Structures are given as C-alpha cells and as structure tokens.
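A quick write-up on the structure given underneath.
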Amino acid sequence: MTTATMPVATVDHQRHYVRARNWLLDGLTLSSGAVDAISFLALGKVFTAFMTGNIAFLGMALASQTGTNAYGVMPPRVISVLASMAGFAVGIYTATRIAGKPAGHAVKQSASAVWSHRTTVALGISLFLHLSFAAIWYVTGARPGDTAIPVLLAVWAGAMGMQSAAVRRLEVGGIFTTAATATFIFLFSNLVDFRMSSDERRRMWGIIISLVIGATAGGLLLIHAPVYAPMFTLVVTAFVVVMAARVFRDRDEARETRLAA
C-alpha cells in the first residue's frame, strides 16, 4: 500500500511517527556531538564517534614514530586511536547482530518500519557502555591516566558504534548521527537540482545543528563541571530510548489492533 492509497488517518499517523523519529535522531546526534567533544578534549585528542578523523590520526601517529615534525605538534597515541577504532568496530558488530541490517526499500515503505523495535533494544544496551564510561570517569576524578584512557575510549566508541549500527537499521538517507559528512554531501548537492523535499532538508539541518549544540554542551560541561560531563550523553541517550520505546510501542499496539480487526 502506497502513501497515496492509505487512509487519511494512517497517513497522519505515519507523518507523526516520522516526525518523532527525526526528533529522536536529533537527540542521538546531540549525544554523539558531546561524546566527541569530551573524548577529543579530555582523552588525548581521539574521537570516539568520528572514525574518519581517527583513521587520519592513526596515519599521523605512525608517521610520528619516524621523528618529530617541525611544528612540534604531537598526534594522538597509536594505542589510543586503535582502542577507539576497535571499540567502534565491536559496537557495530554487536548492534548489527541485535538490530539486523537495513530491511530494504520495499519493507521501508511500511508504516511499521519507521523505527524498528530492535533499534530501541540496541540503543538500550548501549546505555550500559555509557554508564560504564561514567563510572570509570568518576572514579578517576575526571582526570584519567594513560592506562585508563584507552579503556575509556574503547568503551565510549563501543557505545557510538552501537548507535551507528542501530540508526543504520532505520535506513534514513544521509543520516548517521555520529558523523555529518554524508549529511553535508546530501544537503549541499541538493543545491544543483533541488530534488530534496523540505522535510528532508529540515531533517538534515537538524542533524548538523544538533551536532554543533552537542559539541558545545560537551565542551562547556568539560570546562565548568568535568566530573558530570559524561552524564549529559547518558541522560540524552536514555531519554531517546525511553521515548522510542513509548512512541513506537504505541504504534506496534495500534498495528496489531488493526490486523486483528
């Protein structure tokens, strides 16, 4: 059944669920922006969500083993970069096993595929990694040593990897919540032919703005309340999980009622 042939009430519900999904994606992006800001500023200039940057840092770190550059700028430690990349990879693998791979275009047209229950489950499990990070961070007094930093990077990168794979399950074009490169490409390539709908543009601008706000919030917390900085990402992600479970549980119950009727 296409959108054009759906009853008006069904189309309205579909739009409501899509708006809710977009707000939840903004919330996840808010969280990842703070995560990257805190990890970069406090954990040896290594990202836990933006793997493109880490791959570049790995090359820089390997090059630095041959000598000191003329500018006196030291890249991140190799072990820290590898710990973050490994954690992210494990997170992706774990969440993909839980949430599954994207369902494909045909299934995506169904109202029941706006937000997968498995996506909520994967994000819920990632909360344990956020909580673990916060606990280690608190125990170290927000000043982790060289031994604790790779562990923290791996844990938080694991959470970000799970988030990335869970969101990918939704198959929303140009949206990844842990990086804005694809969003930039989609958004500004649209200036050539303007084929993108106004809803799509709003969704992509929401991701970019959320990333900036999240990074700002993470930086401010790290400056003014460093011990509690990780709590922002934990609370925001937990809120997304709770809202997703509530909003899309109602959708599933309504769908089951219609099928039974």
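Laboratory data are not the source of any read-out in this text; all were calculated from the coordinates shown. Everything numeric here is computed off the predicted structure, so don't read it as measured data. Note that each Cβ is placed from the backbone with ideal geometry, even for glycine, and that neighbours are counted across all protein chains shown.
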Which label belongs to the value computed from this structure, given these candidates for Cα extents along the principal axes in Å: [x] 69, 44, 34; [y] 50, 46, 32; [z] 48, 39, 38? [x]
Could you rank the peptides 25-35, 162-172 by their average count of other C-beta atoms within 10 Å per residue, with the highest value first? 25-35, 162-172
Please give the helix 229-260 orientation as an angle from the longest Cα principal axis of the chain, in degrees from 0 to 90, rounded to the nearest 10. 20
Which residues among region 162-183 fall inside the zone where the amide N is under 12 Å from a point 7 Å beyond the Cα of Val18, along Cα→Cβ? 173
Using the per-residue mean of other Cβ atoms lying within 10 Å as a proxy for protection, in what order, highest first, do the peptides 40-50, 66-76 fall? 40-50, 66-76
Mind checking the dipole of the chain: about its Cα centre, +1 per Lys or Arg Cβ, -1 per Asp or Glu Cβ, Debye to the nearest 20? 300
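Once you order the gyration tensor axes a ≥ b ≥ c over the Cα atoms, which shape class does region 199-252 get: rounded for a/c under 1.5, otherwise prolate or oblate by comparing a/b with b/c? Numbers along the way, then the final one.
Numbers: a/c = 6.33, a/b = 1.41, b/c = 4.50.
Oblate, since a/c reaches 1.5 and b/c is not below a/b.
Based on the mean of other beta carbon atoms within 10 Å per residue, what is the order of 89-97, 153-161, most packed first? Working shown, then result.
Values: 89-97: 18.6, 153-161: 28.7.
Packing order, densest peptide first, comes out as 153-161, 89-97.
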Towards the positive end of the charge dipole of the chain, with charges on Cβ (+1 Lys, Arg; -1 Asp, Glu), say which of Thr68, Ile98, Val227 has the farthest Cα. Ile98
Compute the long axis of helix 181-193 from its Cα atoms, compare it with the longest principal axis of the Cα atoms of the chain, and write down the angle in degrees, 0 to 90, nearest 10. 50
Estimated [θ] at 222 nm from DSSP helical runs (n ≥ 4, -39500 (n - 2.57)) normalised by residues in the chain, nearest 500: -25500 deg cm²/dmol
What do you get for the angle between helix 78-99 and the principal long axis of the chain? Use alpha-carbon atoms, 0 to 90 degrees, nearest ten. 20
When the chain is treated as a Gaussian network with springs between alpha carbons less than 10 Å apart, the largest mean-square fluctuation among His117, His16, His130 is found at His16
